[in-house]
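Reading through the structure tokens given below for one structure.
The values are calculated or read from the model by the stated rules, or taken from the named source; none is laboratory data. These numbers come from a predicted model, not from an experiment. Cβ placement follows ideal geometry from the backbone for every residue including glycine, while neighbour counts extend to all protein chains displayed. Heads up: the accessible areas ignore ligands, DNA and RNA and are worked out on the full protein's heavy atoms, side chains in. Shrake-Rupley method; radii C 1.70, N 1.55, O 1.52, S 1.80 Å.
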Amino acid sequence: LWTEKRPGFEKHLRPAASPAALATFQKALGRQLPAEFLAFYAWHDGAKDEHEQFEGKYGWFPLKGVLKHKRMLDGMGFEDEDTYPKYCWSPAWIPFLQFNYEDLVCLDTRSSVVFERYNGRRNIVLVAPTFGAWLAAHVAITETAPRLTAPPGEADGMDVIGDAFNGAA
């Protein structure tokens, strides 16, 4: 599917996360993760450049990036409702996609819901009811997109990827 729709992109992805790395990651989080989430990282451990578009505007964190960013957010004191808006952050959330380290796509480990969390907003946007549903939608969108690369003669495919995952198509 990737070879057909986004030729050459896999060279931008990190190798698979090993079972030991996944176990260490889950232990560091202190949370149980859905099997689909673990299988996703067993496919590839994120992107080599976590800012390169993976889905829409979002880049894909490697496991170490997930932990680093989550620890930073967990330590920011978001439980103080006088300082931060409600739903700004929860320790139950696992960020796995990001845009400029501010806007995130997260997994809620309490419910398995996948959502977009925008920096400093009071609301989150539901993306999928479970990680498995998010992954199935990602694959379905990739399958139906005419392409996920720039058209011939254009240097940048950002709009193509953004439109495929977030646009009218």
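Beta carbons within 10 angstrom, averaged per residue: use that to sort the peptides 48-55, 19-26, highest first.
Details: 48-55: 18.2, 19-26: 14.1.
Put in order of decreasing packing, that is 48-55, 19-26.
Straight-line cross-link partners of LYS48 among the lysines, defined as a Cα under 28 Å from its Cα and at least 8 positions apart when in the same chain: LYS5, LYS11, LYS27, LYS57, LYS64, LYS68, LYS70. Where the centroid of each part is defined by its Cα atoms, how far is segment 22-67 from segment 92-147 in Å? Centre-to-centre distance over Cα atoms comes out at 12 Å.
Working with all protein chains in place, sort LYS70, LYS57, LYS64, LYS11 by solvent-accessible area computed with a 1.4 Å probe, largest first. Intermediate values should be presented prior to the final figure.
Numbers: LYS70 10, LYS57 65, LYS64 165, LYS11 140 Å².
Accessible-area ranking of LYS70, LYS57, LYS64, LYS11, largest first: LYS64, LYS11, LYS57, LYS70.
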